[in-house]
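To keep things clear, I will list the structure first and then write my remarks on it.
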Amino acid sequence: MSTDISISGIGVFLPEVVSVEHAVEQGWYSADEVELHELAGAAVAGELPAPEMALRAAQDALKRAGQRPEDVDLLLYADSWHQGPDGWQPQYYLQRHLLGGDLLAVEVRHGCNGMFSALQLAAGYLGGDAARAGRPRVALLVAADNFGTPLMDRWTMGPGYIAGDAASAVVVTTGPGIARLLSVRSLTVPEAEEMHRAGQPLFPPGVTVGRGLNFGDRNAEFRRRVMAEAGGTAALLQIHLRTLRLVDDTLADAGIGIDDVTRVAYMNYSREIVEQRCMAALNLPMSMSTWDFGRTVGHLGASDQIVSLEHLLSTGALKPGDHLLMLGVGPGVTLSCALVRIDAPTPWAG
């Protein structure tokens, strides 16, 4: 859908990176995987809670936007892993320590595509908030995850990626900003729903009985079952075809073509996955991707694309008039896409 909102501030919290060489020395990561996937490391937060990382990223985003916390109308908190005690929700930590209670605050559990979903929800909410028509409406979107827990092994979490810890935050507004969100869309490939749960019972939930999360094992089981079924590969083909359709529709919303895209931010996966599933599929060179950066920090849950956007802005790799295409995939299987046009110089760029 086309939107009428701008990005006025971005904040990122990235902890120190642990290299794959160190992980190999410690026996956490296979040397064969280093050569195969060409990943360089993962950001590791240690015992720093995800909500605290989210708070730091949110503070930076508001500061860069020149936005008062009390003027925020909506808080959306995206995550893909456990945030704290069961029965507690992390967005209220930000309300207590940063924003106050006079706004709607909601946790968005949409896996690695959570920030895309938050952008869609914020665009609709701010556009329909007639009660605050006297001033620009503002939403704060955050994402945060710390995967360093007993039921998760970041180094073997999934095929072709390593899990990194991070938080990202975006201030979006109906007023002016440094970038315009021209379009954001999502769609689902429901016939691939089992891909992220294959071999796992729905009840009792795994975490309640101490069962760990390994998407590599689940993906392998899904493919074993799919390949054994007549026409079973249709679900995998649909992921590819609908990704192309999604990108076409997103570009059409903005009235531009793929040749007008300056850079592409995909998931922080291995080189072959980024190239095959994204860049080659779009007939674009890897030099337009953010893989060179993403390989150094790991797959950051719902933060991959926003962290890459902040990196491109801070290093001057995106300038006014440039377009960034952000593309994501998550359980569902959900496909998400957003198009951002840079409208103004980045005040904090080095």
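General observations
- Subset tally (residues that are small (Gly, Ala, Ser) and surrounded by fewer than 20 Cβ atoms within 10 Å (Cβ to Cβ)) for the stretch 314-331: 4
- So ARG245, is it out of contact with any Pro (no Cβ under 9 Å at 6 or more places or on another chain) and in a helix (DSSP H, G or I): yes
- Within the stretch 179-211, being in contact with a helix residue (DSSP H, G or I) (Cβ under 8 Å, 6 or more places away or on another chain) and exposed (fewer than 14 other Cβ atoms within 10 Å of the Cβ) holds for one residue alone: GLY199.
- If you filter the stretch 162-184 down to residues that are part of a strand (DSSP E or B) and more than 14 Å from the chain's Cα centre (by Cα), you find that the one that is farthest from ALA254 (Cα to Cα) is VAL171.
- Any chance SER8 is farther than 22 Å from VAL274 by Cα, in contact with a strand residue (DSSP E or B) (Cβ under 7 Å, 6 or more places away or on another chain) and at pLDDT below 95: no
- Single unsatisfied condition, THR149 versus (1) of a type in the set (Val, Ile, Thr); (2) modelled with pLDDT of 95 or more; (3) surrounded by fewer than 24 Cβ atoms within 10 Å (Cβ to Cβ): (2)
- The stretch 39-65, residues that are surrounded by 15 or more Cβ atoms within 10 Å (Cβ to Cβ) and more than 21 Å from ASN146 (Cα to Cα): LEU62, ARG64, ALA65
- Pick from the stretch 230-248, criterion farther than 19 Å from GLN305 by Cα and either aliphatic (A, V, I, L, M) or in contact with a Cys (Cβ under 8 Å, 6 or more places away or on another chain) (or both), ranking: least open to solvent (accessible area, probe 1.4 Å): ALA235
- Flag if ILE162 is in contact with a Lys or Arg (Cβ under 8 Å, 6 or more places away or on another chain), modelled with pLDDT of 95 or more and open to solvent by less than 30 Å² (accessible area, probe 1.4 Å): yes
- Of the residues making up the stretch 283-303, those that are open to solvent by less than 20 Å² (accessible area, probe 1.4 Å) and within 22 Å of ASP248 (Cβ to Cβ) number 2.
- Here ASP260 fulfils each of the conditions (1) free of Cβ contacts under 8 Å to residues at least 40 places away in the same chain; (2) at negative phi apart from (1).
- Matching residues in the stretch 257-271 - criterion: being open to solvent by less than 10 Å² (accessible area, probe 1.4 Å) and small (Gly, Ala, Ser): ALA265, SER270
The values are calculated or read from the model by the stated rules, or taken from the named source; none is laboratory data. Just so you know, these numbers come straight off a predicted model, no measurement behind them. Every residue, glycine among them, receives a Cβ derived from its backbone with ideal geometry; neighbour counts consider all protein chains shown. Areas reflect the complete protein model, heavy atoms only, side chains present, ligands, DNA and RNA absent. Shrake-Rupley method; radii C 1.70, N 1.55, O 1.52, S 1.80 Å.
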